[in-house]
Amino acid sequence: QITTLINHKDKPKRSDKTLQAIQRVGQAVNLAVGRFVTVGEAIANENHELKEEMSVACIEARRAGETIAQLTDVASLDHPESDSHITIFTDKTGVVKAARLLLSSVTKVLVLADRIVIKQIITSRNKVLATMEQLEKVNSFQEFVQIFSQFGNEMVEFAHLTGDRQNDLKDEKKKARMAASRAVLEKCTMMLLTASKTCLRHPDCESARINKDGVFHRMRLALEQVIEIVTDSRPNGENEMSPISIYSGIKEFKNKVEGLRENLYFLSKENLSTMLEVILEHTEDFTDSAYTSHEHREHILELSKQAKMELEQLVSVWMQAQNQKTKDLMEDLEVAILKTCQCMNELKREVHSAATSLAADLLKYHTDHMVLKALKITGVEGNLEAVAEYTCKLSEQKEQLVEMCRLLRHVSGTEPLEITCIHAEDTFQVTGPQIISAAETLALHPSSKIAKENLEVFCEAWESQLSDMSLLLREINDVFEGRRGEKRVYLSLPRPGKHNANLKALKPVKLDTEEQAKIAKLGLELHLLTSDVDSETEKWEDQENEIVQHGQGMSSMAYSMYLFTRGEGLLKTTQDLFHQAEIFATEGTKLASALQAFSDQVHDDDKPLLLLEAEKLISMCKQLQITAKASAQGKSATFTKVDACILKTRNVMTLLCQLLPLCCKLLRKNKAGNGCLKPAPPWKEDRIRTGTNAHTPERRAETFGIKSLENHVTNMTFLESK
């Protein structure tokens, strides 16, 4: 509105319509400033240390708003100009000055308000730290219950404040770091509860004390990192030095090389050589790793050697071109640039393949959680020797997963994903020893229910992180393949304006921020389920099987609907979502037909179960189609319909997660019975049985933990009985 006033053209003739429009704009600015200042003054009254500065800024803003209103009060221009009434037409510079003052004072108010928000977060952190100190020193259950209840409430407040701050952050890197720190705090809250209870129950147990101390230490580090992000500072004035990944190094190197086309003199050959040396030093993380295959190692070494040769050739032509810009030399330079960039792309592809294939193999191998199960069993048996044996195996597993995270960080492709890899590495690094100390405590006190519960909590954290790694691997592959987080495009995806003709009269509705937040939880569950379905389809030897293809298609569409809940992807409006839900339901019906056909091939004992599941699928898909086709007038009704569509899609995907392993098992059983297929290794069968339960939405839907923190506080009444 201010820009409209400043940029209006001075015309000799001013219509009544123009005069009224200018006056309305001026009044609107003044009213808006008044509302803004009222909020600022209320904030000032609640925060005495900034009251004076805030009040001055508010007074300046109000004065500027009133000046703009006076200068745009042009309704009285019916009488001659000699009336000495100053307006925007007689003194445009006055409006410009008032606008500058207004923008300056409004900015000042916003900066002061931001300082207050930061102070609130720091104050909340200090309260949490103070209560944590009390929890560390407590000696009785009764006292612990009271203090932990207070601690829970303080953590809920801190989670709300930092959640709002995270949403406000514009820097994606800071946003990812904040999300990682808040995830640590959420998980550690439950760990702190069980670890402290175990320590109180077994006060002389050294492993229980080590376990508890580890949780407190990790929480303090996470709290400190949140404050660093919020205040944009580092302890002792240090600068943040994030490790450089191979991807970012190659990207920067290629930009410099391609920049030679425009300017032959903007950098030295030494700079370019140093950049390549740094990249090749990082490739040693792959070539020196015990987990990199021989084939990948050889290819990386070969490409590293080739990269050095290509750069030498490039530098040679580049130096000649600096002395003499002939057409032939410039053509040779272009060829050298292309060959150097192509070699770097091949190197990038090779390290990506090495990291992701290792990650995929490790995640598949560790899906059964056999070591964790063994630790729980041997701990309850009090078998210290067996616990020691399995803790060694867990330590080996931890080293493998830590190495996997380090290699994935090099190929993650974006800074937020790099930070997620670093967070995952830290989680495995810390959680492994904590599981070991919890298992040792249980082995020393095998009849202790609280020691058993404590081990369960740490094992769940490990399983949860493994599950998160599957999603992370998928996102890294998406970025590498240029999908930027969007899944493979399904052919039936709608495009705005190209839907069924009956939809023309309906206006697409975009959800606001609050509504997006409401469906975010459902969307996350959908995301986890698509991951589970993809995991199940990958187990089928025959990828051309009709059941697999329908399952993959449904997973692809469900992923698009998940992206819609985040305001991303190809589904831009609610009408796009409803159209996609219809196609999803149709695909589900086709899958049900394929299941019915498959039931004719299975043994009579298994047929009724398969037919029953197929009937369930048909019924659920029909319900989804009815919901998707139902008319919805108005924003509230549209949002309800969106919510229902995503909920019913989630239910279908949950059923699909159960159907796919069932069909795979029946197919294997059928073929094995006919001697056509060898039985799969035992660990794979375990994986199929546990796969559908490993990432259930109920266990993993809440990423930022406000609800789970509140649940901890609510459940405190049951603390002693537990």
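The values are calculated or read from the model by the stated rules, or taken from the named source; none is laboratory data. Keep in mind that this is a model prediction, so the values were computed, not measured. Virtual Cβ from ideal backbone geometry, glycine too; neighbours counted across all protein chains shown. SASA here: full protein model, heavy atoms, side chains in, ligands and nucleic acids out. Shrake-Rupley method; radii C 1.70, N 1.55, O 1.52, S 1.80 Å.
Worth a mention:
Per-residue answers, yes or no, for (1) modelled with pLDDT of 85 or more; (2) outside the structural domain of Glu582 (by the TED database); (3) out of contact with any strand residue (DSSP E or B) (no Cβ under 9 Å at 6 or more places or on another chain):
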{"residue": "Leu611", "(1), (2), (3)": "yes, no, yes"}
{"residue": "Ala632", "(1), (2), (3)": "no, no, yes"}
{"residue": "Ala680", "(1), (2), (3)": "no, yes, yes"}
{"residue": "Ala701", "(1), (2), (3)": "no, yes, yes"}
{"residue": "Glu720", "(1), (2), (3)": "no, yes, yes"}
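- Summed over the range 260-272, the residues that are more than 15 Å from Val317 (Cβ to Cβ) and surrounded by 13 or more Cβ atoms within 10 Å (Cβ to Cβ) give a count of 1.
- Restricting the range 369-390 to residues that are without any contact (Cβ under 8 Å) to a residue 60 or more places away in the chain and within 18 Å of Leu466 (Cα to Cα) leaves a set whose member that is surrounded by the most Cβ atoms within 10 Å (Cβ to Cβ) is Val371.
- Applying a threshold of 7 Å to beta carbon distances and a minimum spacing of six or more residues, or different chains, the list of pairs starting in the range 646-670 at a residue that is closer than 14 Å to Leu524 by Cα and ending at one that is crowded, with 19+ Cβ neighbours inside 10 Å and among the aromatic types (Phe, Trp, Tyr) reads Thr649/Phe584.
- Looking across the range 433-485 at every residue that is aromatic (Phe, Trp, Tyr) and over 16 Å from Cys205 (Cβ atoms), the one that is least open to solvent (accessible area, probe 1.4 Å) is identified as Trp462.
- A single entry from Glu334, Glu312 fulfils the requirement of being open to solvent by 80 Å² or more (accessible area, probe 1.4 Å) and either assigned by the TED database to the domain that holds Leu455 or at negative phi (or both): Glu312.
- Only a single criterion out of (1) closer than 30 Å to Met190 by Cα; (2) modelled with pLDDT under 85; (3) not aliphatic (A, V, I, L, M) is not satisfied by Thr654, namely (2).
- Residues being open to solvent by 20 Å² or more (accessible area, probe 1.4 Å) and under 16 Å from the mean Cα position of the chain (by Cα) - total across the range 130-175: 11
- Considering the conditions (1) more than 29 Å from Ser531 (Cβ to Cβ); (2) touching a Leu at 6+ places or on another chain (Cβ under 6 Å), Leu455 is excluded by exactly one of them, (1).
- Qualifying residue in the range 479-501 (condition: modelled with pLDDT under 75 and not in a loop (DSSP other than H, G, I, E, B)): yes
- Note on the range 248-257: residues that are farther than 17 Å from Gln322 by Cβ, open to solvent by less than 70 Å² (accessible area, probe 1.4 Å) and of a type outside the set (Lys, Arg) total 4.
- Considering only residues in the range 615-670 that are over 19 Å from Glu582 (Cβ atoms) and in contact with a Phe, Trp or Tyr (Cβ under 9 Å, 6 or more places away or on another chain), the one that is most open to solvent (accessible area, probe 1.4 Å) turns out to be Leu667.
Each row is one residue, and each column tells you yes or no for (1) assigned by the TED database to the domain that holds Lys197; (2) modelled with pLDDT of 90 or more.
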{"position": "Met54", "(1), (2)": "no, yes"}
{"position": "Ala69", "(1), (2)": "no, no"}
{"position": "Ser82", "(1), (2)": "no, no"}
{"position": "Thr93", "(1), (2)": "no, no"}
{"position": "Lys97", "(1), (2)": "no, no"}
{"position": "Ile147", "(1), (2)": "yes, yes"}
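- The listed residues are Thr356, Thr367, and the only one of them that is of a type in the set (S, T, N, Q) and over 25 Å from Glu456 (Cα atoms) turns out to be Thr356.
- Of the residues making up the range 173-209, those that are under 19 Å from Lys449 (Cα atoms) and aliphatic (A, V, I, L, M) number 7.
- Selection within the range 219-245 - of a type in the set (Lys, Arg) and either touching a Lys or Arg at 6+ places or on another chain (Cβ under 9 Å) or at pLDDT below 95 (or both): Arg234
- Candidate set from the range 1-30 (those that are assigned to a loop (DSSP other than H, G, I, E, B) and modelled with pLDDT of 65 or more); member that is surrounded by the most Cβ atoms within 10 Å (Cβ to Cβ): Gln1
- Qualifying positions in the range 391-415 - farther than 22 Å from Pro433 by Cα and open to solvent by 10 Å² or more (accessible area, probe 1.4 Å): Arg409, Gly413, Thr414, Glu415
- When the residues of the range 574-608 are filtered to those that are over 20 Å from Leu655 (Cβ atoms) and surrounded by fewer than 20 Cβ atoms within 10 Å (Cβ to Cβ), the one that is modelled with the lowest pLDDT is Asp604.
- Within the range 212-234, the set of residues being out of contact with any Ser or Thr (no Cβ under 8 Å at 6 or more places or on another chain), touching a residue at least 12 places away in the same chain (Cβ under 8 Å), under 18 Å from Lys197 (Cα atoms) and not hydrophobic (A, V, I, L, M, F, W, C) comprises Arg218 only.
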